[in-house]
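Structure, as structure tokens:
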Amino acid sequence: MDTTGTLFMPPGQSTLSGEVDSLFYFIFYMSVFFFVLIVAGTIIFVYRYRRRGKAGLTSGVSHNTTLEVTWTVIPLILVLIIFVWGFKTYMRMNVVPKDAIEIKVTGQKWFWSFDYPEGATTVNELVVPVDKPIKLLMSSKDVIHSFFVPAFRMKMDVLPNRYTITWFEAIGAGNYDLLCAEYCGKGHSEMLGKVKVVSDREYAEWLEKGPGTGEGLNPVDFGAQLYKSKACFTCHSVDGTPNIGPSFKGVYGHKASLEKGGETAVDENYLRESILDPQAKIVAGYQPVMPTYQGVLKDKQIDALIAYIKSLKE
Amino acid sequence: MTDAHSHQPYVAHHFTDAFQQREAAKLGVWIFLLTEILLFGGLFVAYSVFRAWNPDMFHNAHKFLDVRMGTLNTVVLITSSVTVALAIRAIQLGRKKQTIGLLVATLVLAGVFLVVKYFEYSHKFHLGQLPGKYYTFTGVEGSNPHVFFSIYFAMTGLHGIHVLAGMAVISWALINTMKGKYSSEYFTPIEMAGLYWHLVDMIWIFLFPLFYLVG
Amino acid sequence: MNNNETANSISFLSEPKGLKSWLFTLDHKRIGILYLGGIMFSFILGGVFAMLIRLELLRPGPDLVSADTYNQLFTLHGAVMIFLFIIPGVPAALGNFVLPLMLGAKDVAFPRLNLASWYIYVVGAAFALYSLHSGAVDTGWTFYTPYSVQTQTSVVSMTLAAFILGFSSIFTGLNFIVTIHKLRAPGQTWFKLPLFVWALYATAIIQVLATPVLGITLLLLILERLFGIGIFDPAMGGDPVLYQHFFWFYSHPAVYIMILPGMGIISELISVFSHKKIFGYKAIAFSSFGIALVSFLVWGHHMFVSGQSEIAAMIFSFLTFLVGIPSGIKVFNWLSTMYKGSISLETPMLYALSFLVLFTIGGLTGIFLGALSVDVHLHDTYFVVAHFHYVMMGGTVMAFLGGLHYWWPKMFGKLYSSLWSKISVALIFIGFNVTFFSQFILGTKGMPRRYYNYLDQFQPLHAFSTVGSWILGLGFLIMFVYLIHSLFRGRRSGPNPWGALTFEWTTPSPPPTYNFKETPRLTHGPYDFDKIAVEETK
Amino acid sequence: MTAESAEHTKHILPLRLYLAVGGALIVLTAVTVAVSFLHFGGWNVVVALSIAAIKATLVAMFFMHLKYDNKLYLFIFIVAVLFLAVFIVFTMFDTMTRDQIYDVKAGPITPDATIYQSNPADTSGTVADSTSVHR
């Protein structure tokens, strides 16, 4: 297993990454060859035929059919090879194996959520078993995002109101970066996640525990966990610094002035409303960019989040 | 003209003769017409794609367009094309009065076209068949009927703007004809206006069946 | 060659006088210079945006500007550089000045339209600047839906700006086609045209064919925002991928609007400064047309991971590889032109050589992106950013600067400092490579583009790239200083300082108002360095 | 040059020709309207567009003088139509052949999508909750 990567490519961790890398390096060495040829030719000519004194009449050679056909046909053959090679791998990237585990991916400003066939849901962390093909059925709730895992050499746009499909099969356990590659606004560069590849056994255990239910936690701790797992931190800090949204610190029990004018008391009702219908009352100085969590968070989770926010006193 | 050559007054200094100038102008207009075709092209693409996706909705929605009005407008525009073509012939023969008459007739027909269009539009506005999010009509079966009307308004609207522009160009040619600027020797601007007008007609020739007849 | 007219002719620069005579001028040379002013201003503006972007990216995390401002910066950098600088750059500024001169004509075919196109350019630029003032756009220069429909920034005024600028581009293209068809000098047959003219001709064809589609696309986008017409916006039943088809139907050929005239300049420069007949004249001329034609068939390669169908992806990938071949032919032809020449390393030639090196890298890296499977990994990463900067900046901008330095003495009748210009080329070349080569590696390692913040592992390369941008900036600064200095203190230039054979060098520098005293007659090909002994008259 | 120029400026077509072409256009309009009331299924479009193409050709050839003028203009006209065709056909290579390799169709999730509520920034609901996939 390649863990260091090469000068250009990060370590490849999927069944198809090797194929992509070999085509990459084929083109790379071919390019190096032509680049050296052209640059060396330039340097040699510039030196050898540099102007000494006055420029006299020079050779009138205007073309050479053999030469011109050669430098048309050879590159043509090369690029056709590359085309076929690239297309074959591309099809393998797109045709999903029949036995793949289907996970639903939802992109949203600015986090990823994953729905597993067993009913579990996670945010910004995709947990998958190693050596198993994983099919991703993806859609977006707002704008176009793009699901990009460099280590797997995979990328697919995630479109609103439409499904796109891709798949991968990881070959090594570990944590891999997941990035959004299609510009999606203010939090684009914060729309990061991890793909956590674990062994079959660990995956089964993890599903068993039922992630996201808060079993055995008090509401405040569960809220703190949700704050992380549901990516609230992308926009709301807990240390008082304003971000894309207001900080959670000390917000409970205060009065907040509203963008439309007037003010509101920050109580349980307001917090619940802000989670479910974020555009209803925007705090002055912020943009109406928060997505609704209707259907994303369960009642118990909302209660836990409110409990957590209440606990963050100044 | 400051130039050394002896020129007819309508030949600009950087052309060698009237022929060169006329050919240049014509080539320019044809290239301009090419850009117009591609400008409308985008809308034809949108039409094709959405029609191919929702053939039933397109069929249902097109029934709400009035074939009689569409046919009337087609005939009106074709007639105006004939009159403008004849206007050019008249000026080629040096018949100034006839030219003026035919250009006026063209303008009147263009006006009729717009009036008919106005009645069609206001009827649709009345029914709530407005483009996009203002669409409130409920009588069309199929998904996203507002897209049909969006494309209908975009295409006929853009065409309508071209009719207006064509009227402006023809009016300008008309005024200059009255002023006596054109003769059987020099009539390029009328010819150019005519070419533009024919293109506007030609686009309608395609819009008419696509929306009114086969939807 | 007529070298001794300088004394008794009045240059177009000095006569007639007054601001009004410039603002209402119909002289293609003055309009060219007005354009030059406009695009130089835009270049500086776009450059400042770029420097700010690089500075912000020196370290991860928020430093200099907020995320919103950063997004507006890269959008404006792209929009200004593309719509206001690089598309009008070579054709409207240099082309306007040189084309009629090269044809031995008094002016372009439609001087009024020419002036109108400049005013349209100014109005478009004003809209772009207005959008800056009224909550700058943050969509990226591509205006992808549905983001561009949802964002609260001034998308409409920026879209309108691009729409208006499109017309300016169309009019320039239209004017050039007619001029080349109808106003060639007696004896100047198609195959005796300078290759720059061929390149402008191919460019003009793309301009008139592709730009209207940009117009309708942006119009529909505006309607989508105002009425929600449901063509591009999925929330209204539209298809965002269809928007990408519309956009790239224009914007891919537009890449060749940017690069083809640059290639034309390089053909001139390499032949003149090698003092040798161009190798494969017809191959270069026809390859411009090959590129122009095929460029319309490859737009889908911007959409390999967009949710486009696999069949379309296959067709577009295949055609993409075909468009690379004519570019390759040109590079080999330029190389062969130098063989057995008499090469002088004047500043314009240094730019041409920089072009050769950088464009080769740009072209070769395009092959990576055309290959479907590799593109899946590289799409929307810094690899793409580096690739198109190598093509656009390493290619077009180098060619533009080469052309500017080549025709500068003709435009203003002044010579710039040879030493400082060479220092500046060296800094620009080095700075450029430091800035952008590192971005290839960033891209392959998985750094997505348009990121305000980034993961720590990318930091060293980002810092390296930012340092490069400072070197690059310094190079440009020096260039502006010595160019402006030359206007006031530069040595007077003779009519033909480089010893070239095309028409523009037979008239005084700067040329008189109607270009030539007598309509010139072509007696030799543009590159007949094997037959004509030509003197450099500095 | 002058002889040629005289010949070109004075290319006057007979009145009868203009009227005949105009008449033909009106007749073709009548035909296409009449035909639209018959049902040929998918062929209706083909018939309607063919008639429109004939009409457009008549306009271009006679009213716009393409038949008599410099063939360069005819070439330009054909190029315009050709590139328009490329635009339509290549776009439809994509839009008509999506999802051919999946069992799940990637078409619109809610075909009657008007997801927007009062505020365009808020595009809540419908998408992720809908599991039904339509075409």
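Within region B:116-123, is there a residue that is farther than 30 Å from B:W172 by Cα and either of a type outside the set (K, R) or crowded, with 19+ Cβ neighbours inside 10 Å (or both)?
Of the residues in region B:116-123, the ones farther than 30 Å from B:W172 by Cα are B:123.
Next, only the ones that are either of a type outside the set (K, R) or crowded, with 19+ Cβ neighbours inside 10 Å (or both) stay: B:123.
Yes, that holds for at least one residue.
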- Query: Hey, among B:L114, B:L107, B:L93, B:L103, which residue is more than 16 Å from the chain's Cα centre (by Cα) and touching a residue at least 12 places away in the same chain (Cβ under 8 Å)?
  - Reply: B:L93
- Task: Just one of (1) part of a loop (DSSP other than H, G, I, E, B); (2) touching a Ser or Thr at 6+ places or on another chain (Cβ under 8 Å) trips up A:V289, so point out which.
- Result: (2)
- Message: Residue under question is B:S143, and the condition is that it be small (G, A, S), within 14 Å of chain C (Cβ to nearest Cβ), outside any helix (DSSP H, G or I) and more than 15 Å from the chain's Cα centre (by Cα); does it hold?
- Response: yes
- Restricting region C:128-138 to residues that are in contact (Cβ under 8 Å) with a residue 40 or more places away in the chain and not in a helix (DSSP H, G or I), the one farthest from A:S146 (Cα to Cα) turns out to be C:A136
- Exactly one of C:H252, C:H245 is surrounded by fewer than 24 Cβ atoms within 10 Å (Cβ to Cβ) and part of a helix (DSSP H, G or I), and that one is C:H252
- Message: Looking only at strands (runs of 3 or more DSSP E) that lie completely in region A:170-267, which have at least 3 residues being without any contact (Cβ under 8 Å) to a residue 60 or more places away in the chain?
- Response: A:174-180, A:255-257, A:263-265
- Message: Yes or no: region C:322-332 includes at least one residue that is farther than 17 Å from A:V61 by Cα, buried (at least 24 other Cβ atoms within 10 Å of the Cβ) and over 21 Å from the mean Cα position of the chain (by Cα).
- Response: no
- Task: Might you let me know whether region C:487-503 holds any residue that is over 24 Å from A:V61 (Cβ atoms), touching a residue at least 40 places away in the same chain (Cβ under 8 Å), under 25 Å from the mean Cα position of the chain (by Cα) and part of a helix (DSSP H, G or I)?
- Result: yes
- Task: Check C:S271, C:S306, C:S267, C:S288 and return the single one that is buried (at least 23 other Cβ atoms within 10 Å of the Cβ), more than 8 Å from every other protein chain (Cβ to nearest Cβ) and over 19 Å from the mean Cα position of the chain (by Cα).
- Result: C:S271
- Search result, residues across region C:139-184 that are polar (S, T, N, Q) and in a helix (DSSP H, G or I): C:S148, C:Q150, C:S157, C:T159, C:S168, C:S169, C:T172, C:N175, C:T179
- Within region A:123-137, track down each residue that is farther than 23 Å from A:F233 by Cβ and assigned to a strand (DSSP E or B). A:V128, A:P129, A:P133, A:I134, A:K135, A:L136, A:L137
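So, in region A:252-288, how many residues would count as being hydrophobic (A, V, I, L, M, F, W, C), in contact with an Asp or Glu (Cβ under 9 Å, 6 or more places away or on another chain) and surrounded by 14 or more Cβ atoms within 10 Å (Cβ to Cβ)?
Qualifying residue count, region A:252-288: 4.
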- Query: Just for helices (runs of 4 or more DSSP H) wholly inside region C:313-420: which have at least 3 residues that are among the β-branched types (V, I, T) and in contact with a His (Cβ under 9 Å, 6 or more places away or on another chain)?
  - Reply: C:347-370
- Kindly list, by first and then second residue, each pair from a residue in region B:174-185 that is loosely packed, with under 15 Cβ neighbours inside 10 Å to a residue that is in a loop (DSSP other than H, G, I, E, B) and small (G, A, S), limited to pairs with Cβ atoms under 9 Å and residues at least 6 apart or on different chains. B:S183/B:G94; B:E185/B:G94
- Message: Given the condition surrounded by fewer than 20 Cβ atoms within 10 Å (Cβ to Cβ), closer than 30 Å to C:L455 by Cα and over 18 Å from the mean Cα position of the chain (by Cα), answer yes or no: does some residue in region C:68-76 qualify?
- Response: yes
- For C:F196: the one exception among (1) assigned to a helix (DSSP H, G or I); (2) buried (at least 24 other Cβ atoms within 10 Å of the Cβ); (3) modelled with pLDDT under 95; (4) touching a helix residue (DSSP H, G or I) at 6+ places or on another chain (Cβ under 7 Å): (3)
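So which of C:I53, C:I33 ends up being touching a residue at least 40 places away in the same chain (Cβ under 8 Å) and either part of a helix (DSSP H, G or I) or under 20 Å from the mean Cα position of the chain (by Cα) (or both)? Break it down stepwise before answering.
Working: C:I53 fails: touching a residue at least 40 places away in the same chain (Cβ under 8 Å).
When all the criteria are applied, what remains is C:I33.
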- When region A:64-122 is examined, which residues are found to be in a loop (DSSP other than H, G, I, E, B), crowded, with 21+ Cβ neighbours inside 10 Å and either facing chain C (nearest Cβ under 8 Å) or of a type outside the set (A, V, I, L, M, F, W, C) (or both)? A:K109
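Just one of B:M57, B:M69 is over 30 Å from B:Y186 (Cβ atoms) and crowded, with 17+ Cβ neighbours inside 10 Å; which is it? Walk me through it before giving the result.
On the way: B:M69 fails: crowded, with 17+ Cβ neighbours inside 10 Å.
The conditions single out B:M57.
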- Query: Has region A:293-304 got at least one residue that is surrounded by 13 or more Cβ atoms within 10 Å (Cβ to Cβ), in contact with a strand residue (DSSP E or B) (Cβ under 8 Å, 6 or more places away or on another chain) and modelled with pLDDT of 80 or more?
  - Reply: no
- Picking from A:F28, A:F8, A:F24, the residue that is within 26 Å of the chain's Cα centre (by Cα), closer than 29 Å to C:F332 by Cβ, at pLDDT below 90 and surrounded by 12 or more Cβ atoms within 10 Å (Cβ to Cβ) would be A:F8
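The values are calculated or read from the model by the stated rules, or taken from the named source; none is laboratory data. The structure displayed is predicted, hence computed values, not measured ones. Backbone-built Cβ (ideal geometry, glycine too); neighbour counts: all protein chains shown.
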